[in-house]
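Report on the following structure.
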Amino acid sequence: MIEGIEVFDVLVVSTAMFFIGIYGFMVRKNLITILMSVELILNAVNINFVIFNKYLYPDMLQGYIFSLFVTGIAAAEAAVAIAIILNVYRHMKGIDVEQVDTMKY
Amino acid sequence: MHTDMFSYTVWIPLILLAAFLLVGLLSDKLKPLVAGLISTAAILLAAVLAYSAAAGYFFGAGLQDGHYTTLIPFEQLWLRFTDTLVIKMGILLDPISVMMLVVVTTVSAMVHIYSFGYMKGEKGFQRYYAFLSLFSFSMLGLVMATNLFQMYIFWELVGVSSYLLIGFYYQRPSAVAASKKAFIVTRFADLGFLIGILLLSYYTRTFDFMTLTQPNSGILSSAAGVSFMGASVLTWALVLIFMGGAGKSAMFPLHIWLPDAMEGPTPVSALIHAATMVVAGVYLVARLFAVYALGAPAALEVVAFIGAFTSLFAAIIAITQTDIKRVLAYSTISQIGYMMLALGVSGYGSEAGLGYTASMFHLFTHAMFKALLFLGAGAVIHAVHSNEMTDMGGLRKHLPITHFTFLIAALAISGIPPLAGFFSKDEILAAAHGHYPLYFWSGWFVAGLTAFYMFRLYFRVFWGEDRQYEHKPHDAPPSMAIALIFLALASVVVGFIPFSHYVSANGEPYTTHMHWQVAALSVAIAVAGIGLAAWMYLRPGTVADRLAAAMPGLYKWSKNKFYIDEIYLWVTRTLIFKGLAWPIAWFDRHVVDGTMNGMAWATAQVSEKIKGLQSGQLQQYAYAMVLGAVAFLLLLLYWGA
């Protein structure tokens, strides 16, 4: 529908974003970057929603609405996560994820 | 209605319950004297009510159309399980329950008064009186029970009061052991009683004495028809009920608790372990007598045999005991054996029921003179601070009142006319003779033994030489003397009550006449027993010791109570504890516990090994989750489609 861009190309971008997010989530030690990785994953999903809606069901709106939902939830989640991270910083004097292991056995 | 005029009888036990609650709850807040007075006032009030009930029943409302009827002035539904299984609480008046009312309240009142002197200054005086009230309440509830289940409830309540009073000196290990023994042995017997009640009521569909003892009602036929191991279910039920009675009444082989129960204060022995509670077994059989006589004569034979055997057995042991309370305890067992024997040989009917009348008569007279003997023994113990005959002698000079009243009681129990025991024993022996001569001869021989051991006790305590006493023995203080004199008077006069006019197996009054041959024989052997005791113990000499040396085997067996306690110990320790309980305990500890511990150990081991998974590292969890998702995806791709 968009001239010169196939659905496949967009999916490549979103898949790349998704796995970059997964990779960042598992590898980065800073809690803030981990949160950023989560946002990447969510936005990859958002792109999928929008692109499938546009290419497969152009006369419907569910995909767009759903991506708005995801954005809203992500905003709330980010607020909570940052609050947690701030508390972690106060207690642990740092936001390294490997420090946060008081819930182990 | 005649029953309305007796509705006040419900207060007889309730007054005592109130006294128990008042004295028991306030306990140490009351002055000892006040506590004693509350309990004594309650029992005296109950006694007045009981006497008026007895007068009203026997000389008025009880006699209808030529025989004594059963009245139920009060009955209340207590528990309803199903339409047929209902438990009621009520008051039943018939000749024997009214008679028991008189016996229990009289002896209990005397014991209350006596205890003011005997227990003076004792620690726990208030507790003692509270328990006495509890006991009197339970005993009265027992005798006036309208149905088997109510009787069973009060039956256990008297057991508890007995336990509490035997263990009154709870700081003494022997008293604790004795109370425990009494409780366990009677409880074991009560198991039989309970099974008997359940069997009987299952087949007859009722607990009510009124319905059960109705002759010719056909209610027993369903149970009499079913047989089990060669006897009808009814016979089994009645034998099991008798087992409960035998436990409470200390019949062989369940008699072992009664001599030990003498650890309790002596007035308690007089009240519970001589006059009232221990005859509950006799009362139980008498209460169900119509069922026994009409439904299962075989069970009655068991009663007669156990009674006859126990009376002989206990009398032989009584001869060699040296603790005066133990002599009296074995004497009690022996006399209760007499009562059981009389019931066992009795038939149903007025003239044929001579044994029944005799048994109740003996219960009545025995309560008076045996309570007197115990209270006299209490006065002696109070004076010399010992239970052992060897510490006593020559006390007639120091304790004239006790000596005189004790002599009357000893003559009464020996069956010397015209004292109370003579009449009742004569009737028992006559009834036994009519049934089976061997029972008569054994009863006759026991009469001789009774006279012998009572006078052995009497001569050794009151005659002979003075011993070294801590202080000069003093006679009973007034409160004790009143009780002694009252009971002595009772022991003299109650024999003249024409008992058969009031109590008979089927309620019809009849007239008994003296059985002169029986009377002559029994008086002869009683006098011989007394003479032998006088010859052996009155003179300074060694006749008794030489006689004991001449028959070492018999003397030793009797002295050691035929080793019954040792047999019990052997059975419990060797057979039950070592043979049964020990292997079971081993199995429990090693196999049952081992399985459980093994499971717990295995769980602990596994969790120790895998707890490293819970590292607390967020990214490890994420890694596992992603791997899992990938694995599922692959599974879905290759096998899902």
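List of remarks:
- The listed residue being basic (Lys, Arg) and either at positive phi or surrounded by 16 or more Cβ atoms within 10 Å (Cβ to Cβ) (or both), out of B:88, B:31: B:88
- Of all residues making up segment B:587-641, the number that are away from chain A (no Cβ under 14 Å), under 30 Å from residue A:97 (Cα atoms) and open to solvent by 100 Å² or more (accessible area, probe 1.4 Å): 1
- Any hit, segment B:564-572, residues being in contact with a Phe, Trp or Tyr (Cβ under 6 Å, 6 or more places away or on another chain) and either touching a residue at least 24 places away in the same chain (Cβ under 8 Å) or in a helix (DSSP H, G or I) (or both): no
- Among residues of segment B:129-152 that are open to solvent by 10 Å² or more (accessible area, probe 1.4 Å), those with a Cβ under 7 angstrom from a residue that is hydroxyl-bearing (Ser, Thr, Tyr), sequence gap 6+ or separate chain, pair up as B:131/B:161; B:134/B:161.
- In this structure, residue B:577 does not qualify as under 24 Å from residue A:24 (Cβ atoms), more than 14 Å from chain A (Cβ to nearest Cβ) and open to solvent by 90 Å² or more (accessible area, probe 1.4 Å).
- With respect to being more than 12 Å from chain B (Cβ to nearest Cβ), touching a Leu at 6+ places or on another chain (Cβ under 9 Å) and surrounded by 14 or more Cβ atoms within 10 Å (Cβ to Cβ), residue A:43 falls outside the description.
Here's the yes/no breakdown for (1) open to solvent by 60 Å² or more (accessible area, probe 1.4 Å); (2) under 27 Å from residue B:65 (Cα atoms):
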site	(1), (2)
B:486	yes, no
B:496	yes, yes
B:501	yes, yes
B:526	no, no
B:530	no, no
B:535	yes, no
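- Residue match in segment B:91-108 (condition: surrounded by 15 or more Cβ atoms within 10 Å (Cβ to Cβ) and small (Gly, Ala, Ser)): yes
- For the residues B:479, B:442, the requirement of being closer than 30 Å to residue B:355 by Cα, touching a residue at least 12 places away in the same chain (Cβ under 8 Å) and open to solvent by less than 60 Å² (accessible area, probe 1.4 Å) singles out B:442.
- Filter result for the condition that a residue is assigned to a helix (DSSP H, G or I) and either open to solvent by 10 Å² or more (accessible area, probe 1.4 Å) or at pLDDT 90 or above (or both), over B:402, B:390: B:390
- Hits in segment B:371-401 - residues which are among the small types (Gly, Ala, Ser) and over 15 Å from residue B:265 (Cα atoms): B:393, B:394
- Taken as a whole, the structure leaves residue B:160 outside the set of residues that are open to solvent by less than 50 Å² (accessible area, probe 1.4 Å) and of a type in the set (Val, Ile, Thr).
- Single condition residue B:309 does not satisfy, out of (1) within 30 Å of residue B:537 (Cβ to Cβ); (2) open to solvent by less than 10 Å² (accessible area, probe 1.4 Å): (2)
- One residue stands out in segment A:74-105 among those that are acidic (Asp, Glu) and within 30 Å of residue B:612 (Cβ to Cβ): the one that is farthest from the other protein chains (Cβ to nearest Cβ), namely A:96.
- Filter pass, residue B:307 being modelled with pLDDT under 90 and small (Gly, Ala, Ser): no
- You will find that of A:26, A:92, A:103, the residue that is open to solvent by 70 Å² or more (accessible area, probe 1.4 Å) and either within 23 Å of residue B:626 (Cβ to Cβ) or without any contact (Cβ under 8 Å) to a residue 60 or more places away in the chain (or both) is A:103 and no other.
- Residues that are in a strand (DSSP E or B) and over 12 Å from residue B:144 (Cβ atoms) within segment B:71-118 comprise B:76, B:77, B:78, B:79, B:80, B:86, B:87, B:88, listed in sequence order.
- Within segment B:508-522, the set of residues being touching an Asp or Glu at 6+ places or on another chain (Cβ under 8 Å) and either in a helix (DSSP H, G or I) or surrounded by fewer than 18 Cβ atoms within 10 Å (Cβ to Cβ) (or both) comprises B:510, B:514, B:518, B:519, B:522.
- Candidates B:581, B:624, B:600, filtered to the one that is under 30 Å from residue A:85 (Cβ atoms) and among the small types (Gly, Ala, Ser): B:624
- Residue in segment A:48-64 that is within 14 Å of chain B (Cβ to nearest Cβ) and not aromatic (Phe, Trp, Tyr) present: no
- Filter pass, residue B:338 being open to solvent by less than 10 Å² (accessible area, probe 1.4 Å), under 30 Å from residue B:388 (Cβ atoms), part of a helix (DSSP H, G or I) and at pLDDT below 90: yes
The values are calculated or read from the model by the stated rules, or taken from the named source; none is laboratory data. For clarity, every value in this text was computed on a predicted model and none was experimentally measured. Backbone-built Cβ (ideal geometry, glycine too); neighbour counts: all protein chains shown. Note: accessible area is taken over every heavy atom of the protein model, side chains too, but ligands, DNA and RNA are not part of it. Shrake-Rupley method; radii C 1.70, N 1.55, O 1.52, S 1.80 Å.
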